[in-house]
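The next block holds one structure in the form of structure tokens; read it before the comments.
The values are calculated or read from the model by the stated rules, or taken from the named source; none is laboratory data. It should be emphasised that the depicted structure is a prediction, and the values quoted were computed from it without experimental measurement. Here the Cβ positions follow ideal geometry from the backbone for every residue, glycine too, while neighbour counts run over all protein chains shown. For the accessible areas, the whole protein counts, side chains as well, though only heavy atoms, and no ligand, DNA or RNA atoms are used. Shrake-Rupley method; radii C 1.70, N 1.55, O 1.52, S 1.80 Å.
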Amino acid sequence: MGEVKLLGVWKKFEDVTAVKDITLEVKDGEFMILLGPSGCGKTTTLRMISGLEEPTKGQIYIGEKLVADPEKGIFVPPKDRDIAMVFQSYALYPHMTVYDNIAFPLKLRKISKQEIDIRVKEVAEMLGLTELLKRKPRELSGGQRQRVALGRAIIRRPHVFLMDEPLSNLDAKLRVRMRAELKKLQRQLGVTTIYVTHDQVEAMTMGDKIAVMNAGVLQQVGTPEEIYNRPANMFVAGFIGSPPMNFLNGTLTEGGFVDFGPFKLRLLKDQFALLQEKGYVGKNLVLGIRPEDIYDGSLAQERASENNMTRATVEIVENLGGERIVYLSAEDISFTAKFPPESKVKEGQKIEIVFDMKKIHIFDKNTKKAIF
Amino acid sequence: MNIPKYKLKEFIISNSIAWILGVIWLIPFVGVLMASIRPYREIVGGWWHFSPFTITLKNFVGAFNHPMFPIGEGLRNSLIIAIPSTITPLLVAALAAYAFARYSFPVKHYLFAFIVFLMALPQQMTIVPLYFLLRNFHLLNKFQGLILVHSAWGLAWIIFFMRNYFSMLPTDVEEAARIDGASDFKIFYKIVLPMALPGLISAAILQFTWVWSDFFLALVFLQNPEKYVATQRLPLLRGQYFVDWGILTAASIMVMLVPLLVYTLFQKYYISGMIGWSTEK
Amino acid sequence: MRKSKSLTPLFFLLPALILMVPFVIYPVFKTVYLSFFLDDKFVGLENYKNVLLSPDIVNLDRFPTNSPPWGALIHNVVWIAIHLPATIFLGLGIALLLRGKEIKGASIIKSIVFLGMVIPMIVGGLIIRFLFEEGAGVIPAIFKALGIEGLAITWTAYPKTALFAAILGSIWIWTGFSMLMYSAGLASIPKDYYEAALIDGANRFQIFKNVTWPLLKPITIVVVAMTLLWDLKIFDVVYVATGGGPGGASMVLALQMWDYFARALNYNYAAVVAVLLTTLTLIPALWLIRRRE
């Protein structure tokens, strides 16, 4: 009913290609996040689904219905797509009251006054707006405006919700609360939702699935766990996680080591076997490891062995209270680690660090794609 | 306000200069007022002689009911012309300005450059052919004719002004309305026009004062004394043997009262319109 | 920006086109056309030659040694030469003076200066005439008090003074415009710049020269262009203050056009003057458009 499908969709503006050949399927009732840095094409993708932009090439389906296919000359305008959208700025009608803002989509559909009234009140109740119905948008706080925007989307009972960074204008505290509320609301209504954000925390906490985009290209689609634990390429690996994953350039030796120059790490047996099979021995590759998978040697002696440790100099320690971000260097290689508060390392100190070899990722140096 | 001693001298000097300038700029108006409320014999040797000082409304009555060119009738004519000459171009220009602000269409940029060119155009450039055009369509000496000319003439600057205004409005509100199911025209009059209300008020106020203050177009297109607008009557009010400053100044006050009132009541819109139409791109 | 293959934008534009084509666009082209004809006969540039060589427009026999009339075109140039620097200087000066909180009643003074912009120009012209009238007017009285009998006269009635009475009066009318624009410009300059300059040790003049004036440049461009346009198009003020006289001593192009059209009934010469005037206005207009882009 509410599934959305994009098949080979392109969007070109005069001389820039904003979206390149995206194929994406969103299942009915799914919460899909489009995640990427600004200018990656995620908003353009959303706008093509909404009908505010026409794709240059490719097909878009909403439900069973083909809503855009430039080759066949099909373009269904937004009002006939059975979608609702929440904008980053909320885009409330400044001259209308909260009531009229929420009622506007129904009024345009010539629905009877009584029914509009019933539905507006129901939605207002659901969102805690009942007391505010007579106010104008400028008399509302950011969070209240956000709810009105949601209300205007919900009242339509559309098959798909489209949301363009709806929480980015809220202050940090409110954002965290709205994240949870929005997720709950979506579950309760069970409406397919496509949600654009550049905030990886929002993506990880809210999405059933995340579609990571960069430079107009879809990088990876998967559950938050998949995206975090099995990134498809160096972009996804580097974009998700804070501080970002360390990338170390090394050479794979015949003995199963990755040689970085100042130090070597020995791969696990099956890891080496896989690389051997793919013919990477003697070649350059990139080893990726997240900061939390690098341990303070003094706290992780039981894990340490000569194959997975090295000495490094502590450059900077940032104490975040619950954890310490430690910037380390071993000769010309620098990397970041996340240590627990018990770690007592000091700036300038030479320490032993341990790599959790089970958690490493290996990327092809040229294609930037993950081998595992 | 407490003024520290070391600043006192500067404070006095700058205040004096400012107020001397203010008085210089005000003196002509004071003169006009003095001349209008006093009998001719008291002001003929200079209105700044204050004795005798007799206050009379005779000049106002005389100007209002002038036997040849009654200002009262002129004020009425001015109003009959200025109101439709404000509303018509405002609506028409708002539509066109929206097309320039939100749509792309062929030759748009040339068309807009042409509109800007028309804003700078002297009215002299149109009146000869317009005179014959109106005459052929029997619109000469008719209010309708002058209203059409004023409306057409106001379009260029209002299009320019409103396009700038619309361009500053956030597009996502209009997009939201589109997703909510509104048609292009509905978006325009239900969403865009109400949002652009301050801009529309500014444009209306300036257009109204300019039409009211117009002299040249009325001079060309209204030749029947009964049809004369207020500004047109002013120069005709001088006496037969001498310039009767009492009647002239009283009439001047009545003619400028309307724009002054509009300015006072809508100062904010007047000023933002003034600044907006000449600076913002 | 909506890309629309549909006719929607045309519907939005249509009413404007219906009004503008007959009442603005057609007359403009028709005026150009008329300027090349004399009594329905094509005469090429003959009209232009006659008009430009006529003492009505340029009278080099009298300019600059004798008193006006110097010809309408020269009068407009003289007008610009006096009025443009004077209103810019005064407008900027008043805006600077009234900027701070130190002046009591600054907003009242601003409103007074701006009044000239609010009143109809025809009233402005009448007031000018009143100001310069011997007996009833302030200015001749001041000169009389100063013992300068030569200027204690009705300025608008004599060739040597009529043009200057109109120009001086127009300064009184128009200064409000540049004052308003510069006030808005000054208000938009962030305070940080001044504070930074003060800390860098700049004095008031240096701050003006290095901070204020350069930052006001966009405003100055607008004010200069708009003032040039106003000066070129000046009509009402002259019409009522001096009628262009005596003997053409204060004639300007816009009024000369009217004179050819309504008094001489020479539509072709009127069209020539209109084209000349329009060509002149194109200079500031194009400059303004180019500088903004």
- Identify, from the list B:209, B:171, the residue that is β-branched (Val, Ile, Thr), facing another protein chain (nearest Cβ under 9 Å), touching a residue at least 12 places away in the same chain (Cβ under 8 Å) and within 18 Å of residue B:83 (Cα to Cα). B:209
- Query: Which of the residues that make up the stretch C:248-293 are more than 7 Å from every other protein chain (Cβ to nearest Cβ) and in contact with a Pro (Cβ under 6 Å, 6 or more places away or on another chain)?
  - Reply: C:248, C:249
- Query: Could you list, in sequence order, the residues of the stretch A:52-67 that are of a type in the set (A, V, I, L, M, F, W, C) and either at the interface with another protein chain (Cβ under 10 Å from one of its Cβ atoms) or over 25 Å from the mean Cα position of the chain (by Cα) (or both)?
  - Reply: A:52, A:66, A:67
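Here are some residues: C:76, C:66, C:59. Which one is at pLDDT below 90, open to solvent by less than 40 Å² (accessible area, probe 1.4 Å) and either more than 27 Å from residue B:207 (Cβ to Cβ) or of a type outside the set (Asp, Glu) (or both)?
Values: C:76 fails: at pLDDT below 90; C:66 fails: open to solvent by less than 40 Å² (accessible area, probe 1.4 Å).
Criteria check complete, one pass: C:59.
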- From the options A:255, A:250, residue that is assigned by TED's automatic domain parsing to the domain that holds residue A:290, assigned to a loop (DSSP other than H, G, I, E, B) and over 18 Å from residue A:30 (Cα atoms): A:255
- Scan the strands (runs of 3 or more DSSP E) fully inside the stretch A:261-327 and keep the ones with 2 or more residues being hydroxyl-bearing (Ser, Thr, Tyr) and under 20 Å from residue A:359 (Cα atoms). none
- Query: Any idea which of A:70, A:166 is more than 10 Å from every other protein chain (Cβ to nearest Cβ), open to solvent by less than 20 Å² (accessible area, probe 1.4 Å) and not hydrophobic (A, V, I, L, M, F, W, C)?
  - Reply: A:166
- On the given criteria, is residue B:273 more than 8 Å from chain C (Cβ to nearest Cβ), open to solvent by less than 10 Å² (accessible area, probe 1.4 Å) and either at pLDDT 95 or above or farther than 30 Å from residue C:224 by Cβ (or both)? no
- Item | Residue selected from the stretch C:212-251 under the condition assigned to a loop (DSSP other than H, G, I, E, B) and under 11 Å from the mean Cα position of the chain (by Cα), by the criterion surrounded by the most Cβ atoms within 10 Å (Cβ to Cβ) | C:234
- Lone unmet requirement of (1) out of contact with any Phe, Trp or Tyr (no Cβ under 6 Å at 6 or more places or on another chain); (2) part of a helix (DSSP H, G or I); (3) open to solvent by less than 10 Å² (accessible area, probe 1.4 Å); (4) more than 11 Å from chain C (Cβ to nearest Cβ) for residue B:217: (4)
- Query: Can we say residue C:83 is away from every other protein chain (no Cβ under 14 Å), surrounded by 16 or more Cβ atoms within 10 Å (Cβ to Cβ) and more than 30 Å from residue B:130 (Cα to Cα)?
  - Reply: yes
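For every residue, the table says whether it meets (1) open to solvent by 40 Å² or more (accessible area, probe 1.4 Å); (2) on the phi < 0 side of the Ramachandran plot; (3) without any contact (Cβ under 8 Å) to a residue 12 or more places away in the chain; (4) not assigned by TED's automatic domain parsing to the domain that holds residue A:341.
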{"position": "A:260", "(1), (2), (3), (4)": "no, yes, no, no"}
{"position": "A:270", "(1), (2), (3), (4)": "yes, yes, yes, no"}
{"position": "A:275", "(1), (2), (3), (4)": "no, yes, no, no"}
{"position": "A:279", "(1), (2), (3), (4)": "no, no, yes, no"}
{"position": "A:282", "(1), (2), (3), (4)": "yes, no, no, no"}
{"position": "A:287", "(1), (2), (3), (4)": "no, yes, no, no"}
{"position": "A:291", "(1), (2), (3), (4)": "no, yes, no, no"}
- Can you pull out the helices (runs of 4 or more DSSP H) entirely within the stretch B:63-165 that have at least 3 residues that are in contact (Cβ under 8 Å) with a residue 60 or more places away in the chain and open to solvent by less than 20 Å² (accessible area, probe 1.4 Å)? B:71-102, B:124-136
- Query: Before we move on, is residue C:143 within 30 Å of residue B:45 (Cβ to Cβ), more than 8 Å from chain B (Cβ to nearest Cβ) and surrounded by 22 or more Cβ atoms within 10 Å (Cβ to Cβ)?
  - Reply: no
- Any idea which of (1) more than 8 Å from chain B (Cβ to nearest Cβ); (2) modelled with pLDDT of 90 or more; (3) out of contact with any Leu (no Cβ under 7 Å at 6 or more places or on another chain) is the one residue C:41 doesn't satisfy? (2)
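A quick yes/no check of all residues on (1) over 30 Å from residue A:44 (Cα atoms); (2) in the same structural domain as residue A:83 (by TED's automatic domain parsing); (3) touching an Asp or Glu at 6+ places or on another chain (Cβ under 7 Å):
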residue	(1), (2), (3)
A:110	yes, yes, no
A:121	yes, yes, no
A:146	no, yes, no
A:158	no, yes, yes
A:166	no, yes, no
A:171	no, yes, no
- Note on the structure: If you go through A:200, A:188, the only one that is surrounded by fewer than 22 Cβ atoms within 10 Å (Cβ to Cβ) and under 9 Å from the mean Cα position of the chain (by Cα) is A:200
- Item | Condition broken by residue A:253, with the remaining ones in (1) more than 19 Å from residue A:354 (Cβ to Cβ); (2) of a type outside the set (A, V, I, L, M); (3) open to solvent by 50 Å² or more (accessible area, probe 1.4 Å) satisfied | (3)
- Message: With the requirement that a residue be more than 16 Å from residue C:110 (Cα to Cα) and either open to solvent by less than 60 Å² (accessible area, probe 1.4 Å) or not in a helix (DSSP H, G or I) (or both), what does the stretch B:6-27 give you?
- Response: B:11
- Item | Index of the failed condition, residue C:184 passing every other in (1) open to solvent by 10 Å² or more (accessible area, probe 1.4 Å); (2) part of a helix (DSSP H, G or I); (3) over 24 Å from residue C:121 (Cα atoms) | (3)
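Can you tell me which residues in the stretch A:165-177 are among the hydrophobic types (A, V, I, L, M, F, W, C), under 13 Å from residue A:147 (Cα atoms) and over 17 Å from the mean Cα position of the chain (by Cα)? So that I can check it myself, show each step before the final result.
To start, the set of residues in the stretch A:165-177 that are among the hydrophobic types (A, V, I, L, M, F, W, C) comprises A:167, A:170, A:172, A:174, A:176.
Of the ones still in play, those that are also under 13 Å from residue A:147 (Cα atoms) are A:167, A:170, A:174.
Residues satisfying the conditions are A:170, A:174.
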- Query: What's the number of the condition residue B:196 fails, among (1) closer than 24 Å to residue B:87 by Cβ; (2) facing another protein chain (nearest Cβ under 8 Å)?
  - Reply: (2)
